[in-house]
Amino acid sequence: MTVDIAHAGNCSVHILKKCPLVYLATVYTSYPYGAEKAFRHAAELTGKLMLAGVKVFSPIVHGHPLSVHGGVPAFDHVLWLEFDEALMRKSDALAVARMEGWEKSHGIAYEVRVFEKAGKPIYYIDPYDLSFVE
């Protein structure tokens with residue numbers, strides 16, 4: 001279920017803080033500036049959310065270092081989807097960061113479908129000011 005965010009204003013962080021665990025979807029392979037920049041942008045956003053009191057899990061922030069330093073194949077979608085699905089089941093809400101290229105991301109589209117099917121709330125957030133966007 002996509003949450004109606006009309007007139008949400010700056011209350012996005014307040015709403016996300018109420019969730020026991022938020023799964024943060026960010027673009028990775030479709031990011032026009034490359035995977036490393038996508039990782040850095042996702043890490044910055046995850047940090048902002050954590051410092052604001054949101055209990056957030058970012059598969060990109062967790063996974064990218066495992067690929068770079070741990071030898072886990074970055075683009076093995078079968079491997080990563082199995083792992084990510086376990087975290088999606090545990091998460092209470094999905095926050096989709098509207099970073100450049102997010103609408104082209106097959107991964108984000110999949111994550112949205114999983115949360116919709118589970119009837120869990122989905123929030124679309126501006127990655128710079130953390131406000132909800134449509």
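The values are calculated or read from the model by the stated rules, or taken from the named source; none is laboratory data. Just so it is clear, the model here is predicted, and its values are computed rather than measured. All Cβ positions, glycine included, derive from the backbone under ideal geometry; neighbour counts span all protein chains shown. Note: accessible area is taken over every heavy atom of the protein model, side chains too, but ligands, DNA and RNA are not part of it. Shrake-Rupley method; radii C 1.70, N 1.55, O 1.52, S 1.80 Å.
The Cβ shell under 13 Å around ARG113 holds other residues with a net charge of -2, Lys and Arg each +1, Asp and Glu each -1.
Computed about the Cα centre, the dipole magnitude for region 63-124 is approximately 160 debye when only Lys and Arg (+1) and Asp and Glu (-1) carry charge, each at its Cβ. Protein-only accessible surface at a 1.4 angstrom probe places the residues GLU85, GLU100 in the order GLU100, GLU85, largest first. Computed over the chain, relative contact order equals 39 percent, with contacts defined as Cα pairs under 8 Å that lie 6+ residues apart. The chymotrypsin sites (Phe, Trp or Tyr not before Pro) of region 18-70 that DSSP puts in a loop, and whose beta carbon has at most 14 other beta carbons within 10 Å, are TYR33.
Surface composition of the chain: carbon and sulfur make up 59 percent of the accessible area, probe 1.4 Å.
Solvent-accessible surface of protein heavy atoms, probed at 1.4 angstrom with all chains present, puts HIS62, HIS69 in the order HIS69, HIS62, largest first. DSSP assigns beta bridges within the chain; of those with both partners inside it, close to 10 percent run antiparallel.
Taking amide H atoms as placed 1.01 Å from N in the peptide plane, the amide H of TYR123 lies under 5 Å from those of LEU94, ALA95, VAL96, each 5 or more residues away in sequence or on another chain. Subtracting the Cα-Cα distance of GLU36 and GLU116 from their residue separation scaled by 0.36 nm leaves 25.9 nm. Here is the P(r) of the chain: all C-alpha pair distances, binned every 10 Å from 0, give 13, 47, 34, 6, 0 in whole percents. Net charge in the neighbourhood of GLY53 (other residues with Cβ under 14 Å of its Cβ; Lys, Arg +1, Asp, Glu -1) is +4.
Accessible area per residue for the chain is 54 Å², calculated with a 1.4 Å probe on protein heavy atoms, without ligands, DNA or RNA. Ordering LYS120, LYS90, LYS48 by accessible surface, largest first, gives LYS90, LYS48, LYS120; the 1.4 Å probe counts only protein heavy atoms, with every chain in place.
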